[in-house]
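To keep things clear, I will list the structure first and then write my remarks on it.
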Amino acid sequence: MRRVAFGAVAVMALALAGTTGTQAQGEQYKLVPNWPTLPTGMWFGLKEAPPPPAEREAQAAARRARGQMGGGGGLPTNQPGISGLAIDQQDRIYVFNRGPKPVMIFDAAGKLLLAGADGEYNGKKINPDWEHSGGVDWEGNVYVIERDAHRIVKLSPGLDKFLLQIGTTMEKGNDPTHLDLPSGIAILKNGNIVVTDGYGNNRAILYDKTGKFIKQVGKGAGGPADKGTGPGEWVLPHKIAVDAQENLYIVDRENKRVQIFDKNLTYIRELKNEWNPWDIHISRKGTEDYGFMADHLLERVHKFSLKDGRLLATWGTQGLGPGQFDWVHGVVVDSKGAVYAADTYGQRIQKFVPASGSSR
């Protein structure tokens with residue numbers, strides 16, 4: 001398995017307004033080396049890591065030249081590595097990954113506390129290749145999005161008991177009881193559940209804590225063909241962040257924007273910038289005026305203003321070195337301000353902390 005050396009590096013902020021390069025300005029974050037600690041015999045994604053970006057892209061170009069496009073422009077249908085992150089109020093980091101243990105839970109020091117979600121739930125074993133992130137509620141229950149099975153399963157905090165399912169296993173659709181390749185989830189304090197049904201359908205859905213359908217937001221029926229650019233319309237709704245008022249910041253991935261709704265899924269406004277957001281997070285406290293974004297455009301992480309989308313800090317480029325990312329697909333921030341970012345092909349999670357003397 002490929003190993004990447006993690007030196008202590010200063011990862012400088014990039015104020016992107018009017019720039020396209022990597023000149024460092026503004027706030028600074030630095031990498032915490034050797035985080036997390038994986039026990040012997042444990043890994044994220046594939047045991048043998050995928051090829052690095054240049055080699056992978058050359059292979060995809062060769063497949064295209066032979067007419068073997070496939071899904072995703074010649075890339076594998078299911079990418080390996082880490083598909084998403086979540087964090088609870090005790091700063092435990094939940095890593096949803098496409099490896100032998102689909103959910104791995106770490107403390108802030110990087111110690112592995114629990115690994116699991118590899119059993120059979122509601123009559124079906126979770127296929128880690130089909131996993132697409134998940135969430136943790138205010139009682140510690142864990143939700144796993146098994147995207148290609150068109151379902152979301154709720155598990156007990158110990159990952160050993162099945163509690164609830166949203167969607168019908170291996171059946172896709174856009175009625176109240178079916179999903180089509182779901183992508184993201186948020187769980188509100190009262191137990192209500194918000195799901196982005198994005199890789200097949202184009203809708204965001206509100207359920208109560210029992211999984212009963214309440215409402216959806218989307219163009220028309222919110223089906224695969226129902227794409228749009230207006231308020232409450234989508235082209236691949238992806239992942240979700242929640243603030244202290246339980247406003248929902250939902251990534252509208254292919255429209256390259258964030259749409260904001262209240263806790264009842266009533267539209268408020270949108271945020272746009274020069275970005276291609278894949279994940280978004282606001283701290284559990286949620287009272288700050290900023291959030292964090294995993295941005296596929298040039299493989300970066302942003303700290304940004306919730307008011308207007310202005311970038312307050314940016315770091316990262318594509319690559320496998322310290323502070324670089326290869327398909328950055330997950331981001332969370334803990335109560336101390338540390339930022340955790342995970343990438344898919346890079347098959348790793350990196351922890352960053354504000355550099356000494358950096359302004360907020």
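Taking the stretch 320-360 and the strands (runs of 3 or more DSSP E) fully enclosed by it, the elements with 1 or more residues that are touching a Ser or Thr at 6+ places or on another chain (Cβ under 7 Å) and within 22 Å of residue 296 (Cα to Cα) are at 328-333. A residue that is closer than 19 Å to residue 283 by Cα, among the polar types (S, T, N, Q) and at pLDDT 95 or above can be found somewhere in the stretch 336-354. Considering the stretch 91-114, and only residues there that are part of a strand (DSSP E or B) and out of contact with any Leu (no Cβ under 8 Å at 6 or more places or on another chain), the residue that is nearest to residue 351 (Cα to Cα) turns out to be 111.
Among the conditions (1) in contact with a Leu (Cβ under 7 Å, 6 or more places away or on another chain); (2) outside any helix (DSSP H, G or I), the only one that residue 226 does not satisfy is (1). Within the stretch 272-288, the set of residues being outside any loop (DSSP other than H, G, I, E, B) and closer than 16 Å to residue 301 by Cβ comprises 277, 278, 279, 280, 281.
Taking each residue of the stretch 196-208 that is farther than 11 Å from residue 239 by Cα and looking for partners that are crowded, with 24+ Cβ neighbours inside 10 Å and of a type in the set (A, V, I, L, M) with beta-carbon atoms closer than 6 Å, six or more apart or interchain, yields 205/195; 206/194; 207/193. Note on the stretch 158-203: no enclosed strands (runs of 3 or more DSSP E) hold 3 or more residues that are modelled with pLDDT under 95 and of a type outside the set (Lys, Arg).
The values are calculated or read from the model by the stated rules, or taken from the named source; none is laboratory data. All figures in this text were calculated on a predicted structure; none of them were measured in a lab. No Cβ is skipped: glycine too gets one built from the backbone with ideal geometry, and neighbour counts run over all protein chains shown.
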